[in-house]
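*Asks:* Handing you a structure now.
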């Protein structure tokens, strides 16, 4: 995989006003499809995978002050690149917990994984968790309040270690 500057792109950082999972997924999907980064089947598979394998993460064990996140993704056959797509949610959205699927979480931020190399999926997930764990708490809390996609992108490029 490339360096950390390639894992994020300034044109695929989103701020969403949508109020549910499917709306957010559709909003991001429409843009990713226009940019030829995903296939037409991406959205159906993303929604289905989220139902069967929830991606919400409770951040309380890391730090009770951090907002919950989700890491939605689907199989590599539906994507044409490898990238992490940050999505700041202006309204908390319900996701089921990855660890305890019966539990619902209110999520404020998505790190959507696009991964054309199926093997790297677990590595990208680990990189996201390492980023959250290794970044200074105050800086991390501030990051989750950013309202500007360029600010989010710059922070990630400067602080995300990745491979």
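Since every read-out is calculated from the coordinates, none of them should be taken as a lab result. Being a predicted model, the structure only gives us computed values, none of them experimental. Cβ coordinates were reconstructed from backbone atoms using ideal geometry, including for glycine residues, and neighbour counts include every protein chain displayed.
*Asks:* Give just the number: which of (1) touching a residue at least 12 places away in the same chain (Cβ under 8 Å); (2) under 26 Å from residue 10 (Cβ atoms); (3) assigned to a helix (DSSP H, G or I); (4) out of contact with any helix residue (DSSP H, G or I) (no Cβ under 8 Å at 6 or more places or on another chain) does residue 151 not satisfy?
*Replies:* Every condition holds for residue 151 apart from (1).
*Asks:* Something else: State yes or no: is residue 98 under 20 Å from residue 159 (Cα atoms) and touching a residue at least 12 places away in the same chain (Cβ under 8 Å)?
*Replies:* Answer is no for this residue.
*Asks:* Out of the residues in region 101-127 that are in contact (Cβ under 8 Å) with a residue 60 or more places away in the chain and over 20 Å from residue 140 (Cα atoms), which is surrounded by the most Cβ atoms within 10 Å (Cβ to Cβ)?
*Replies:* 114
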